[in-house]
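Worksheet for the structure shown next.
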Amino acid sequence: MASLMDNFTWFRQSAFLWKDADYRIYIDPWQVTTDDPADIIVITHAHFDHFSMDDIDKIRKESTQIFAPADVAKEISGNVTPVSPGESHHAGKLSIQTVPAYNIVEERLEAHPQENNWVGYILSLGKENYYHAGDTDHIKELDSVKADVAMLPIGGTYTMNASEAADLARAINPQIAVPMHYGYVVGSPPDARRFAEEAAPVKVQALTPVHPFEH
């Protein structure tokens, strides 16, 4: 049986490639291991493990469309669209919605401040909507996200931990929730197992990254 994640490659952290016969779409490319040229790149925020010019330069071509928050967009030349939370954009057949991504837990407030206007994305890929949360806490604006797949950070310290992410997964109630942002800078594989247990009855699919886990 085909999985909703069959077209995805997870490199590490929050870095993904989605590809089909027509498109190559990268999300927060970091330590990319493929030479597939990008049709579209979306960046959630300015931190090094999400915004890597080396990786962008490796995969971009002249026609690549890039979407990024304003503070990131100004650092990139070429076909770049600055985005803020609450917007809708189109790139070819792809529909892109931006949603807020920020911290509300006190010890994390300086990591991803709301005033930075950083984002997560809802991407319409094929017949499904995929939500990539970027780096965020469980903020009230996200309870209204509608998506077939929710890709959520679970590593804690800078983002939601596994329990907090499980709460958000249940609020969104996607067909599949996918944990990310663990096993490298923060978090470890047991966090994904805890996320799966606590997100029930939402189905969780933990992917295997291209790079080996470091934690």
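Read-outs: derived from the displayed coordinates by stated rules, not from any lab. Not measured: the values here are computed from a predicted model. Counting neighbours? That spans all protein chains shown, and the Cβs are built from the backbone with ideal geometry, glycine included.
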Q | Derived scalar couplings ³J(HN,Hα) [the stretch 172-188; Karplus, 6.51 cos²θ - 1.76 cosθ + 1.60; whole Hz; x for Gly, Pro] | A | 6, 6, x, 5, 9, 10, 10, x, 8, 6, 8, x, 10, 6, 9, x, 8
Q: Using a/c under 1.5 as the rounded threshold, could you call the chain rounded, prolate or oblate? The axes a ≥ b ≥ c are square roots of the C-alpha gyration tensor eigenvalues, and prolate needs a/b larger than b/c, oblate otherwise.
A: rounded
(Q) 5 Å is the cut-off here: which amide hydrogens, built 1.01 Å from N in the peptide plane, fall below it relative to residue 161, excluding neighbours closer than 5 in sequence? (A) 156
Q.
At a 10 Å Cβ-Cβ cut-off, how would you order 181, 45, fewest neighbours first?
A. 45, 181
Q: Set the Förster radius R0 to 35 Å, insert the Cβ-Cβ distance between residue 61 and residue 211 as r into 1/(1 + (r/R0)^6), and round the FRET efficiency to 0.05.
A: 0.90
Q: Just order 114-122, 49-57 by mean Cβ neighbour count inside 10 Å, highest at the front, would you?
A: 114-122, 49-57
Q. Quick one: 136, 81, fewest Cβ neighbours within 10 Å first, how do they rank?
A. 81, 136
Q: Specify whether the C-alpha gyration tensor of the stretch 51-112 places it in the rounded, prolate or oblate class, a ≥ b ≥ c being the square roots of the eigenvalues: rounded for a/c under 1.5, otherwise prolate if a/b is larger than b/c and oblate if not.
A: oblate
(Q) Students often check this: by mean Cβ neighbours within 10 Å, which of 83-92, 98-107 ranks highest, and how do the rest follow? (A) 98-107, 83-92
Q: Can you tell me the order of 73-79, 153-159 when each peptide is scored by its average per-residue count of other Cβ atoms within 10 angstrom, highest first?
A: 153-159, 73-79
**Q.** Under the Karplus curve 6.51 cos²θ - 1.76 cosθ + 1.60, θ = phi - 60°, whole-Hz ³J(HN,Hα) for the stretch 25-31, x wherever Gly or Pro sits
**A.** 10, 9, 10, 6, x, 8, 6
